[in-house]
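One structure below.
The numbers here are math on the coordinates, done by the rules we state, and not lab data. Note that the structure is a prediction, hence the values are computed from the model and not measured. Because the Cβ atoms are built from the backbone with ideal geometry, glycine has one as well, and the counts that use them run over all protein chains shown.
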Amino acid sequence: MRPWTDGVNGPFSDTRVFFTGPSCATPADLAAPVLLEPEAGAEIPALDVMLNYEPGEPGCIPDGYYIDVQTAADFSGTNMYEGDWSSKHTFFPVTGLADCTTYYWRVAQVEDSTFGPFSEGRSFFTNQAGNCAQSMIPELHALRDLACYQGPIPGTYPILGYLLAGESSPIVAQSLNQAWWYIQNPDDVNICAVPKDGSEPNGDTAGVPLWNDPQIVEEETGGGGKPVCSIDLGLAECGAAGGTWYAPSPMAGPRCVCPVP
C-alpha cells in the first residue's frame, strides 16, 4: 500500500505475502505442478525470467517447490538451482542466464523432504541482444493423452511416462518407420517414444534423425521382480524399486533412499 494526500501518491510500503490453504499434510498429497509462464519455446529478450506455476490437484501448499533449470533437454545436466526448495511461492525469479541459450525447466513439490512428481518440462530461449540465431529444436505438442514407451512397439516396450493433451516436449529423434517420435520423457530424465498420430510438431523437423529400435535389456531385479534399489537410481527407477526420492535439507540435492532390509 501507499499513502495518498492532496491528489499525490506517496511511496509504496514493503511487500508482504500470505497463503491460503490447505497445506499438504503428507507427501501422498503432492501432485505435479502446472506450468503457466513462460510458454513452451518462448523467446526471452533478457537474461532473467520469472517462472510461474500453480499446484496441481488437489492444490495443497507444500513445504516448498523444487526448481530445475538447466540446458539439457533431458534434464541430465546441472541444475542451476540444485537443492533450492525452500520457497512456497508459485513464482521463481531466474537470473544469471547466458544470452542466445535454450534453457529447460520443470518444478516439483516437496513435503517432509520428499519430492512429488515433476511437472511437464518446458523450454525458453534467451535473446537479449536481439540477433541470436536460435537453435531450432522442434517440440511435440500432444493433441490427446499419449503413453510414452521405451520403444515404438507397444506391448514389447514398457511405458516410461505420459505426454498429456496440451503438454509439449522436445523432439529428439524419430523411429525408422517414421511413425513415432522420440521425445524427452515428461515424467523422467530419459527418452521415450510416442506415436505421431495424436501429436503435432512445432518447428522444423526436416533434420530430426532416425533411430533404430532400442535393445530390450533385462533389468536387474530383486525379489518380486522389482529393480534393485540403490542411491544412484533416478526418480522413476527409485519409486519402482521401492525407494523414496528424498533431500535431507534445502541445500542438499535429492537422492534415492532405499528401505532398510
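Summary of values
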{"quantity": "Cα-based convex hull, region 139-211, per residue volume (Å³, whole number)", "calculated": "75 Å³"}
{"quantity": "Given charges at beta-carbon only (K, R positive; D, E negative), |dipole| of region 27-126 in Debye", "calculated": "100 debye"}
{"quantity": "Among 182-189, 154-161, the order from most to least packed when residues are scored by Cβ within 10 Å on average", "calculated": "182-189, 154-161"}
{"quantity": "Neighbour-count order for MET80, MET50, fewest beta carbons within 10 angstrom listed first", "calculated": "MET50, MET80"}
{"quantity": "Sorted peptide list for 140-149, 200-209, 167-176, criterion being average Cβ within 10 angstrom, highest first", "calculated": "167-176, 140-149, 200-209"}
{"quantity": "Modelled FRET efficiency - R0 45 Å, ALA25 with ASN131, Cβ distances, 0.05 increments", "calculated": "0.30"}
{"quantity": "Surrounding net charge for ASP74, when Lys and Arg each add one and Asp and Glu each subtract one, Cβ distance under 15 Å", "calculated": "-4"}
{"quantity": "Residue exposure sequence - TRP4, TRP180 - by fewest surrounding Cβ within 10 Å", "calculated": "TRP4, TRP180"}
{"quantity": "14 Å beta-carbon shell around ASN127, net charge (K/R +1, D/E -1)", "calculated": "-3"}
{"quantity": "Rule-of-thumb Rg ratio for region 27-126 [Cα; 2.2 N^0.38 Å; N residues]", "calculated": "1.02"}
{"quantity": "Cα gyration tensor shape for region 98-221, rounded if a/c is under 1.5, else prolate or oblate", "calculated": "oblate"}
{"quantity": "Amide H contacts under 5 Å for VAL172, placed H, 5+ residues apart", "calculated": "TYR182, ILE183, GLN184"}
